[in-house]
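**Student:** If you scroll down you'll find the structure; I have some questions about it.
The values are calculated or read from the model by the stated rules, or taken from the named source; none is laboratory data. Please read all numbers here as calculations on a predicted model, not as lab measurements. Don't worry about glycine lacking a Cβ; one is built from the backbone with ideal geometry, like all the others, and counts go over all protein chains shown. Surface accessibility is based on the protein's heavy atoms, side chains included, excluding ligands, DNA and RNA. Shrake-Rupley method; radii C 1.70, N 1.55, O 1.52, S 1.80 Å.
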Amino acid sequence: MTIKKCSRSAMAVAVALATLTLAGCATFSRDGGFDTVSALTRERTGQGVQKPATDADATARSQARQLLTKPLTPDSAVQIALLNNRGLQSAFAELGIAEAELVQAGRMRNPGFSFGRLQGGGEIEIDRSVMFDLVNLLTVPWRSGIEQRRFEQAKLAAAAQAVQLAADTRRAYFNAVAAAQTAQYMEQVKDAAEASAELARRLARVGNWSKLDQAREQAFYADATAQLARARHNAVAAREQLTRLLGVWGEQVEYKLPERLPDLPQAPNELGYAEQKAMEQRLDVLMARRDAEATASSLGLSKATRFVNVLEAGYQNKSQTGQPRQNGYEISLELPLFDWGGARTAKAEALYMQAVHRTADIAVRARSEVREAYSAYRTSYDVARHYRDEVVPLRKKISDEVLLRYNGMLASVFELLADARDQVSSVNAAIEAQRDFWIAETDLQAAINGSGGSPTPLRASASGGAAKE
C-alpha cells in the first residue's frame, strides 16, 4: 500500500467518475424481453405468449375459458396451452434471470470503505479510505455485451419452449381426437359382435347352428369387448395428456373435442427450401450461434484481463492527534508473479472451439431432421390417402355387395356379420393413418421452426395400419 498526498482536483475527478458510472447504470426493460419472445413464437406457431405475473394474467385466463366453451381445434388448443400452461410460465423465469444478469453486468461494483482507529500514548490515529474497482469499471462494456448476447439467447430459449409446447399440444390433440374416434367405432363393433353372439346362441339352442360356429361368434364378441376396453382407456389417456398440456383443471377438463380428425389436404406440401428455412428459423440453430458469439466475446474479455486481474484505486484520509489531516489516494494491484492468466485464456479458447463445433453439429443434424421429417410427412400422406381413396371405398363396395346378396337371400346374416368383422382392421388402420399424417405434419413444422427432434418412425400397427408410439 502506498499513501501519497492528493489535491482537491483529484478527489473531484474520482467523485465525478463514480457519479458518471452510477448515472449510466443499466435498467430493466419495459417488457422483460417478452415482446421478442412473443414475436418469435407467433412467427412459428401463429400464436403469441404473454408475460406471467402481470395484469394480463386475468385477461389470458378469460381468453382460455372462452376458447374452452367451444369444440377445440388444433389452433385453439395451442392458443390455450400458450396462455394457460404453468410449466411454460415457470420456464419464462429464466428470461428474468438473464435480464437481471444483464442489468448487474452494467453496474459498477459498490466501493469499499475502510476505517481504522489507533490509540496509545495519549495519541489517536484515524485512517479512512474509499476504494473503487477500476478493472470492473473498465470492463463494463465487455461484460454488458456478453450478458446482452446471453439475454438474447435466453429469449430464443424461451421462444423454443413455447414452440415446443405448441408442437406437443398439436400432437396430443390429434392423438386425443383419433383415440376418441377409435373408441366410438369400437363401441359399434362391440354392439354388432354382441348381437351376432346372441343370434348364434339362439340358433345353436334350436339346433340350427354348430357349436364350432357359435364358439367363433362368441370369441369375436369377447375380443371386441376387450378391444373396446383398451380403446376407452387409450382415449382417456390421450385426453389427459392433452389436458396436462392445456393446463386446465376442475370444470375446464370437460372441454369438447370434434368427433373425427380433420380431412386430408388436397395435396401435400413440397420440400422446397425447407433446409435453408430451417437454418434461418430453427431456434436451436440460432441459440447455438448466439452461444458461440457470447463465448467469443468472453474470450476477448479473458485476454483483456489476462495480466491485470485486480486493480483498485481509492481516496484515503488520515487524521492524527496534534497533526494536520492528511489526504491522499491508494492503488491496489495484483502482481502476476505466479498466475499469468494463461490457463484462463486456454480455457476460454477451448470453450469457444467447443461452441463452434456444437453449432456445426446442430446445423448438420437440423438439415438431416428436416429431410427425415419430410419423408415421414410424405409417406404418411400417401398412406392416409391410399386408405381414403382405395382401401375404405373397396371395403364399402364389398360390404354393399354382401348386403345385396343378403337381401336376395343369397347370403346369411352371419356372412354379413363376418364382412363387418373384416372391416374393423381397415377402419382402424384408416383412422391411424389419418392421425399419423397430422402428427407428421406437426413434426415437419417443428423440424423447420422449432428445436427439431427426430420424428418417431412409422411402424405397422396391430390393426395393419401405420401408427406411432
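**Student:** Rounded to the nearest 10 Å², what accessible area does Ile80 have for a 1.4 Å probe in the complete protein model?
**Tutor:** 0
**Student:** Now for a different question. Short version: ³J(HN,Hα) in whole Hz for each residue of region 147-153, in order, from phi by Karplus 6.51 cos²θ - 1.76 cosθ + 1.60 (θ = phi - 60°), x for Gly and Pro, what are they?
**Tutor:** Using θ = phi - 60°, the values come out as 5, 5, 5, 5, 5, 4, 5 Hz.
**Student:** May I pose another question? Using the Karplus equation 6.51 cos²θ - 1.76 cosθ + 1.60 (θ = phi - 60°), what ³J(HN,Hα) coupling, rounded to whole Hz, does each residue of region 89-99 give in order, writing x for Gly and Pro?
**Tutor:** With the stated coefficients, region 89-99 comes to 4, 5, 5, 5, 4, 4, 5, x, 5, 5, 5 Hz.
**Student:** Holding the Cα-Cα limit at 25 Å, pick out from Lys190/Lys396; Lys51/Lys256; Lys190/Lys397; Lys155/Lys277 the pairs that are longer than that.
**Tutor:** Correct reply: Lys51/Lys256.
**Student:** Rounded to the nearest percent, how much of the accessible area of region 362-406 (1.4 Å probe, protein heavy atoms only) is carbon and sulfur?
**Tutor:** Of all accessible area on region 362-406, carbon and sulfur atoms account for 55 percent.
**Student:** Using 0.36 nm times the number of residues separating Gln63 and Lys396, minus their current alpha carbon distance, what extension gain do you get?
**Tutor:** 115.5 nm
**Student:** To the nearest 10 square angstrom, what accessible area does Phe34 show with a 1.4 Å probe?
**Tutor:** The accessible area of Phe34 comes to roughly 20 Å².
**Student:** Gain in length, Ser368 to Phe115, computed as 0.36 nm per residue apart minus the alpha-carbon separation, to one decimal in nm?
**Tutor:** Once the chain is fully extended between Ser368 and Phe115, it gains 84.5 nm.
**Student:** While we're looking at this one, here's another question. Figure the gain on full extension for Ser90 and Glu194 (residue separation times 0.36 nm, minus the Cα-Cα span) and round it to one decimal in nm. Display every interim value, and only then the final one.
**Tutor:** Working: separation 104, 0.36 × 104 = 37.44 nm, distance 5.04 nm.
Length gained, Ser90 through Glu194: 32.4 nm.
**Student:** Express the accessible area of region 165-245 per residue in Å², computed with a 1.4 Å probe while the remaining protein chains stay in the model.
**Tutor:** That works out to 53 Å² per residue.
**Student:** To the nearest 10 square angstrom, how much accessible area does Val130 have with a 1.4 angstrom probe?
**Tutor:** Rounded to the nearest 10, the figure is 40 Å².
**Student:** At a 1.4 Å probe, what is the % contribution of carbon and sulfur to the accessible area of region 159-200?
**Tutor:** On the way: 650 of 1360 Å².
The value for region 159-200 is 48 percent carbon and sulfur by accessible area.
**Student:** If you don't mind, another one. Suppose each label sits 7 Å from its Cα in the direction of the beta carbon; what would the Ala343-Arg201 distance come out to in nanometres?
**Tutor:** Calculated label separation equals 8.3 nm.
**Student:** Right, here's the next one. Near the amide H of Gly450, under 5 Å away, which other amide H atoms are found, from residues 5 or more places off or on another chain, if H is placed in the peptide plane?
**Tutor:** The answer is Leu283.
**Student:** Expressed as a whole number of Å, what is the distance separating the alpha-carbon centroids of region 73-126 and region 234-257?
**Tutor:** 38
**Student:** Which sequence of Lys396, Lys51 reflects their accessible areas, 1.4 Å probe, from the largest down?
**Tutor:** Heavy-atom accessible area, descending, gives Lys396, Lys51.
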